[in-house]
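Heads up, the thing below is written out as structure tokens.
The values are calculated or read from the model by the stated rules, or taken from the named source; none is laboratory data. Given the structure is predicted, the values throughout are model-derived calculations rather than measurements. Cβ: placed from backbone, ideal geometry, glycine included. Neighbour counts: every protein chain shown. SASA here: full protein model, heavy atoms, side chains in, ligands and nucleic acids out. Shrake-Rupley method; radii C 1.70, N 1.55, O 1.52, S 1.80 Å.
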Amino acid sequence: MARFEIEIVPALSDNYIYIAHDPSTGATAIVDPAEAQPVLDALSRRGWTPTHILNTHHHGDHIDGNAELKGRFGIPIIGPRADAGRIPNLDVLVAEGDSCTVGSQTAQVFETPGHTSGHISFWFPDSDALFCGDTLFALGCGRMFEGTPAGFWNSLLKLRALPDSAQVYCGHEYTQSNARFAVTVEPDNAELAERAKQIDALRAEKRRTVPSALGEEKRTNPFLRADVPEVQAAVGMPGADPAAVFGEIRKRKDNF
Ligand SMILES: [Zn+2]
């Protein structure tokens with residue numbers, strides 16, 4: 001079965017733009033273009049012609065390349081229905097339960113509010129590819145700008161329900177600082193400690209740490225583990241509502 005080839009394009013200081021190319025049809029989606037030029041460079045290097053732009057949320061570092069790319073290639077922008085008022089020129093509005101097709105690949109759309117109220121994530125099961133913007137990061141999650149702990153936790157539960165093999169294509173290279181925080185929440189998690197070491201080694205060579213496998217996030221990312229007894233105990237909230245535990249972990253990270 002065909003799968004996306006995915007080009008990872010670093011942009012701005014620590015953003016990632018993704019270009020997902022379906023070799024069986026040539027369809028090519030640009031996910032969250034922070035800026036146009038690095039995307040244009042990558043497209044010409046790969047010899048790909050874009051057919052879609054996908055946006056996860058309205059922040060400028062995810063959409064500021066939209067206009068130039070749409071203007072140049074005349075391609076539709078697909079984004080959150082809830083952000084229709086704040087992402088200019090959206091062509092296709094999607095919401096929870098909708099699908100989104102790029103060539104032979106079809107994404108399931110999840111509403112994943114918390115970082116922003118309109119945030120969505122795209123899950124392409126045949127490519128094991130999860131484009132989750134600033135909802136879930138490697139060893140972290142987005143800042144809670146427009147959400148509530150209960151709403152954000154519910155969003156993360158939707159993503160956590162996906163298979164361990166899902167590759168987490170998140171919006172930023174924040175993994176090393178996330179790891180430094182994560183080990184303070186779960187100092188006794190041996191897999192986390194090992195992962196933190198590997199991340200330090202990668203970053204020492206300026207290599208990227210993205211994508212990660214969702215399975216390792218489930219075992220090591222404290223924000224996906226607010227209902228795990230060890231994590232609840234570690235933050236002094238044994239038996240508490242997982243959403244409240246998540247809120248506490250999020251607050252500690254904000255102040256870390
Ligand atoms: Zn954002």
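Odds and ends about this structure:
- For segment 210-217, the criterion of being surrounded by fewer than 17 Cβ atoms within 10 Å (Cβ to Cβ), farther than 22 Å from residue 33 by Cα and touching a Lys or Arg at 6+ places or on another chain (Cβ under 8 Å) is satisfied by at least one residue.
- Residue in segment 128-135 that is within 12 Å of the ligand (Cβ to nearest atom), in a strand (DSSP E or B) and farther than 15 Å from residue 166 by Cα present: no
- Condition check for residue 60: among the small types (Gly, Ala, Ser), within 14 Å of the ligand (Cβ to nearest atom), at pLDDT 95 or above and in contact with a Gly (Cβ under 9 Å, 6 or more places away or on another chain): no
- Residue that is most open to solvent (accessible area, probe 1.4 Å) [pool: residues in segment 90-127 that are free of Cβ contacts under 8 Å to residues at least 60 places away in the same chain, of a type in the set (S, T, N, Q) and within 16 Å of the ligand (Cβ to nearest atom)]: 117
- Candidate set from segment 1-24 (those that are exposed (fewer than 14 other Cβ atoms within 10 Å of the Cβ) and in contact with a Ser or Thr (Cβ under 7 Å, 6 or more places away or on another chain)); member that is modelled with the highest pLDDT: 24
- For segment 145-171, filtering for residues that are of a type in the set (A, V, I, L, M, F, W, C), open to solvent by 60 Å² or more (accessible area, probe 1.4 Å) and within 16 Å of the ligand (Cβ to nearest atom) leaves 1.
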